[in-house]
Every structure is written in C-alpha cells, then in structure tokens.
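Working notes, structure below.
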Amino acid sequence: MIKLTGLSKKYGKTLVVNDASALFPLGEVTSVIGPNGAGKSTLLSMACRLTESDAGEILIGNKLLAEWDSRELARQLAVLRQSNSINMRFTVRELVSFGRFPHSQGRLNDEDQRIINEAIGHLGITEIQHRYIDELSGGQRQMAFIAMVVAQDTDYVFLDEPLNNLDIKHSVEIMQILRQLAHKMNKAVVIVIHDINFASCYSDHIVAMKKGEVVKAGTVQEVVCKEVMESIYEIPFYIQEIEGQRICLYYNS
Amino acid sequence: MIFYSRILALLLLLVMAATSLFIGVADVSLASLLSGDQDTWSITLISRIPRLLAIVLAGAGLSVAGLIMQQVTQNRFASPSTVGTIDCALLGYIIGLVLFSDAGQWTLLGVIFAFAVGGTMLFVKFLQRLQFKNAVLVPLIGIMYGNVVSALTTFLAYRFDLTQSMSAWTTANFASVLQGSYEVLYLAIPVCVLAYFYASQFSAASIGESFAKNIGLNFEKIVFIGVALVAVSSASVVMIVGVIPFLGLIVPNIVSLFMGDNMKTILPWTAYWGMVLVLICDVIGRLVIFPYEMPISLIISIFGGGVFIYLVLRDKANG
C-alpha cells in the first residue's frame, strides 16, 4: 500500500498540489481524475519519486520514500510517464528488456527472458517484438511501454495518462490489462486519466482533484455522482447507470 | 550469416590496414620486409605501424564518443564536434601551452581534458533546461557555442603567438604520427571498454530522464560519466592528431540506421566502422596528390558533410 499524507508542491509561487492525501491499496485500480492543472500528474510523480515534494509524507509499503534505495525501489515501483521520447531506435523487445534492469543490472538470465516473453505475450505484441518502436503506431508503442512496466514486475504501477491519443480498442485493451494486473497479480495500479467514463468503468477507487486539492476520494459509487463531478468540472452532468456502470453525460449544447 | 558478415568485416579491416602500411613515399613492400631489410623495417616500425595504430584508435575512440554523446543527450545530432567538446578541448590546449609550457604531455592532456569536460557539461546542462522539440537546433546551437569558444581560443593564440601551432590541430593529419608521439591515443581502449560496461545505462538514459530513474538509475551520474568518457576520447585525439570533423556524428548514425540504438549491440560496430572509415579516408588522402598528402580532415569533411545533410533531410521527413 502507498499512503500519501499532506503532500504539497510549489512551482515558483503557484501551489500546484496543496495538502493532498490519498491511499493506493494493493489489488486495486485507483484513478486520479480532475481538470487540467488540478495537480494530478504532479501528485503522481511525487508519489513515484520523479518529483520531490515540498511538504508531506510518502509511505511505500512500510518505509518512507526517502528511506528506499533507488535500485530496490525500482523493483517495487514502476512508473510510465506521458510523452516518452521516441527519437532513439529500439526494438519492442529491447525496450521491454529494460524492465528487467532493476533485477539483473543489464545481464539478462533465463528467468528474465521468460518474464520478458510473458509480458510481450500478455500485451499481445509478440508479432511485432522485433520491430523498432519509432515505426509503430501510437497504440502499439503504448502497448510496448506497458509491457516494459509489466516486465519490471513491481507491486506498484503508476501510469500518467496511459490512454493519451489512443483509439477506443487500444484504450479498452489497456484498461483490461491494468485491471488484471491489479486483481489477478495483486498490484496497486494508479493511473492519471482524463476520460471519466473509462475511470468509472475500470477503477476500484477514484481520487478527484481540483486546484491542487483532493476534493473527494472513494469508491466509484461515492465519487462519480452529480454533485462531485459538477463541482470539479464546473459544467452540468447527467449520470446514468447502464448495466451496473456509471456513465457520465456531459455533452451540452 | 552473422558469422560470414563478421569474417567479411575482419577481412575488410585487414585489407585496409595492409594498404595503409604499404602506401608512402618510401617504398615498403612485402618482399623487402621478408628479406629482413633494415631500412624497410625501421620505416615500418617507427612510422607506418604507429600511423596505422593511431588511425585505428582515433577512429574507434571518436566514433564511440559520438555514440555516447548521442545517447546521453537523447539527440542524434550531438557529437564531440557539434556540442563544443572539441572547441573546448582546443581552448584547453592553448591555455595549457600558455600556463604550463614546460610540463609534460600528461599535464597538458589533463588541462585539455578538464576544459573538454567542463565545456561539454555546460552545454549539456543548457540542453536539459531547454525543452525544445526540434532536434536539428541542437547541433546549430552547439556549433555556435563552439565558434564562440574557438574565437576565444584564436584570440589567445594571437596574444601568445601560437597561431601557427593552432592551425596544425584544426586540420587533422596522421602524417606527423611517429613512434613515441601517439601513445596517448591508447586511452581510446579504456574508453571503449568502459562505454561497453555502461552501455545499457546509456541506452536507458537515451530514452529519457524519467525512464532512467524508473529503473533505478542515477540519471545525472550517467550523463556525467558519458561526458567524461567523451571528453577523454576527444581530448586525446585533438592533442595527437587534430580535429577530425563529422566522424563522431556520421558513424554512429549510419550504424544505428541499420542496427538500431541498443548500445550493447552497436558499440563494437560503431568502433569498427570508425576505424574503417578513417583508414579509407587516410588512404585516399595519401593517394590523391601522391607523393604529397591531403589532410584527412579535408577528405572526411567532404564525405561527412554529405551524410550530415542526408541525416537532416531524413529527420525532417520523419518529423
């Protein structure tokens, strides 16, 4: 479990995250939602040590973030950020192999190869594993990056907007895979996501943020409701329950 | 298939090496070597073999330096000659000559190295702050930065009456390499070995800072190690041979076109093609106006300029 208590972050004079607390339990998918500039990505990158926090406490497992050795932590926590550079030419398999780096420091053994094969198979990209990532479509490339995170085989998986620029098919596939990671392999999966219907249909927990603060955190039922959504996004919402899932309609003319 | 291409590669290198050994004003032939002719042997040992080794070491060292540079800056167009490393090394050379004129070559190398590291780190830090998208801007700014540094070098050279020696380094030439004068270039060997040791880490850094941090690496440390290796390699080549333009830029790019960017795989091939390219250019330079020589930097500029333009156009087409 990861526990964030009273996190704050300032860029210059602007307070991007203000006294935010949240809980990311193992075995569940937690989505962080909110409008642009709500501090979602900053919160996520503080929780996974890519950004230093100005105040507050981050507890990973039973140790504070600062007490973790960076190598050891890389075996516990994986993070995938938006806009991964694709200037360099790596094959899908080479990219996925980087996921094993924290475990074997670059010298892959048979066990590593097995896990890499599994991860590639799991994401359904076996056929393109020897192609260069700069030649793939956005969806295939994202699959490759997620396969790398899967191969890293960590308890905690953070993804910043994993569905960015993807079509519906790839989006659904990725969300299904993330759910399996959480439910079958007992990982804590945390995603920052803009599409609230994807968040509503595939998450166990939702953390709703606005202007750097956590407005509401809880189950889908608790967070995806008219009052909360309208207060966050400041537009009218209609929420319908369809086959047990909450769907938000916000397409107003 | 892989086996045969390796044999072929080895053959090409051996043929080029032999060609390099037997070209020159003094006649060196296999027959006279075998008959044990004293003069032939001393020419071979004092001049021809050192020249061959210098070419091979400089070619491998500079190409691998370019490869490291491209990976740690995440930019295809970075290389010792496009991020100011060479110009800073030259500045270090002049300052070393002025301040420690009677110290040995290792002191001088230390000064050159310090300037190369410092100057390159300055530029790399600057690059990390600028988050622009256009990759071609990096060499442009780098070359501008290099020109500013080299203006300072020229000023110092005029001031201390060193302009003549300066023109000797800015055009690389292997003609002056003799036994006892090139051994600093052996530094290329530890540089390549260390680069291979850190290869996967450089490759991880080439994907991005957060990518490298995610797998538990210290990004800043890797970048610094990379820059230090690049500086050692470039400093030694600048000091012994002079400036060989484009080499660190074109060789890694051509290799990566065919083999990708996984440094563990491409490092040996980058070193190999660096050796072969410099060998070929050196042989051409010795033959065009035989018995005189054209400096290698001239030959390689013609070839390298063409490849560079192709790479820029290709990048435009992709982007």
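The values are calculated or read from the model by the stated rules, or taken from the named source; none is laboratory data. In this text the structure is predicted, and so the values were computed from the model without any measurement. Positions of Cβ are backbone-derived with ideal geometry, glycine not excepted, and every protein chain shown enters the neighbour counts.
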Checklist outcome for this item: When B:GLU293 is run through (1) in a helix (DSSP H, G or I); (2) in contact (Cβ under 8 Å) with a residue 12 or more places away in the chain, the failure sits at (1)
Next on the checklist: Could you check the stretch A:76-106 and list, in sequence order, the residues that are charged (D, E, K, R), under 19 Å from A:HIS122 (Cβ atoms) and within 21 Å of the chain's Cα centre (by Cα)?
Outcome noted: A:ARG100
Checklist entry - Among the residues of the stretch B:256-270, is any assigned to a helix (DSSP H, G or I), at pLDDT 95 or above, under 14 Å from the mean Cα position of the chain (by Cα) and β-branched (Val, Ile, Thr)? => result yes
Checklist entry - Considering A:VAL150, A:VAL224, which residue is in contact (Cβ under 8 Å) with a residue 40 or more places away in the chain and crowded, with 22+ Cβ neighbours inside 10 Å? => result A:VAL150
Checklist entry - Only one residue in B:ASP261, B:ASP282 is among the acidic types (Asp, Glu), crowded, with 23+ Cβ neighbours inside 10 Å, within 14 Å of chain A (Cβ to nearest Cβ) and touching a residue at least 12 places away in the same chain (Cβ under 8 Å). Which one? => result B:ASP261
Checklist entry - Assuming B:GLN179 fulfils every condition listed in (1) in contact (Cβ under 8 Å) with a residue 60 or more places away in the chain; (2) surrounded by fewer than 18 Cβ atoms within 10 Å (Cβ to Cβ); (3) more than 14 Å from chain A (Cβ to nearest Cβ); (4) not in a loop (DSSP other than H, G, I, E, B) apart from one, which condition is it? => result (4)
Checklist outcome for this item: Going through (1) surrounded by 23 or more Cβ atoms within 10 Å (Cβ to Cβ); (2) away from chain A (no Cβ under 14 Å) one by one, B:PHE202 fails only at (2)
Checklist entry - Filtering the stretch B:205-215 down to residues that are within 7 Å of another protein chain (Cβ to nearest Cβ) and either hydrophobic (A, V, I, L, M, F, W, C) or part of a helix (DSSP H, G or I) (or both), which residue is surrounded by the most Cβ atoms within 10 Å (Cβ to Cβ)? => result B:ASN214
Item to check | Candidate set: the stretch B:182-193, residues that are aliphatic (A, V, I, L, M) and surrounded by 17 or more Cβ atoms within 10 Å (Cβ to Cβ); chosen: the one farthest from B:MET275 (Cα to Cα) | outcome: B:VAL184
Checklist entry - Name the residues in the stretch B:116-137 that are in contact (Cβ under 8 Å) with a residue 40 or more places away in the chain and among the aromatic types (Phe, Trp, Tyr), would you? => result B:PHE123
Next on the checklist: Anything in the stretch A:92-129 that is within 10 Å of chain B (Cβ to nearest Cβ), more than 20 Å from B:GLY260 (Cα to Cα) and crowded, with 16+ Cβ neighbours inside 10 Å? List them, or say none.
Outcome noted: A:PRO102, A:HIS103
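Consider B:VAL223 carefully, then state whether it is assigned to a helix (DSSP H, G or I), touching a Ser or Thr at 6+ places or on another chain (Cβ under 7 Å) and more than 25 Å from B:PRO50 (Cα to Cα).
no
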Item to check | Check on B:ALA188, under 23 Å from B:SER20 (Cα atoms) and part of a helix (DSSP H, G or I) | outcome: yes
Checklist entry - Mind checking which pairs have a first residue in the stretch A:229-247 that is within 18 Å of A:CYS201 (Cβ to Cβ) and a second that is of a type in the set (S, T, N, Q), Cβ under 6 Å, 6 or more apart or different chains? => result A:ARG246/A:SER200; A:ILE247/A:ASN197; A:ILE247/A:GLN240
Checklist outcome for this item: Looking across the stretch B:216-251 at residues that are without any contact (Cβ under 8 Å) to a residue 60 or more places away in the chain and of a type outside the set (A, V, I, L, M), the single one that is surrounded by the most Cβ atoms within 10 Å (Cβ to Cβ) is B:GLY216
Checklist entry - Would it be correct to say that B:PHE115 is surrounded by 13 or more Cβ atoms within 10 Å (Cβ to Cβ), among the aromatic types (Phe, Trp, Tyr) and part of a helix (DSSP H, G or I)? => result yes
Checklist entry - Got at least one residue in the stretch A:62-73 being within 14 Å of another protein chain (Cβ to nearest Cβ), of a type in the set (A, V, I, L, M) and farther than 24 Å from A:LYS210 by Cα? => result yes
Next on the checklist: Can you list the helices (runs of 4 or more DSSP H) lying wholly within the stretch B:1-95 that have 3 or more residues being free of Cβ contacts under 8 Å to residues at least 40 places away in the same chain?
Outcome noted: B:2-22, B:30-34, B:38-43
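It is to be established whether one or more residues within the stretch A:165-181 are crowded, with 16+ Cβ neighbours inside 10 Å and not in a helix (DSSP H, G or I).
yes
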Checklist outcome for this item: Note: among A:SER41, A:SER31, just one is surrounded by 16 or more Cβ atoms within 10 Å (Cβ to Cβ), closer than 22 Å to A:VAL228 by Cα, of a type outside the set (A, V, I, L, M, F, W, C) and touching a helix residue (DSSP H, G or I) at 6+ places or on another chain (Cβ under 6 Å), namely A:SER31
Next on the checklist: Yes or no: the stretch B:150-163 includes at least one residue that is part of a helix (DSSP H, G or I) and aromatic (Phe, Trp, Tyr).
Outcome noted: yes
Checklist entry - Within the stretch B:154-210, can you find the residues that are closer than 30 Å to A:LEU50 by Cβ, at pLDDT 90 or above and not small (Gly, Ala, Ser)? => result B:LEU194, B:TYR196, B:PHE197, B:TYR198, B:GLN201, B:PHE202
Item to check | B:VAL193 vs. criteria free of Cβ contacts under 8 Å to residues at least 24 places away in the same chain, in a helix (DSSP H, G or I) and more than 14 Å from chain A (Cβ to nearest Cβ) | outcome: yes
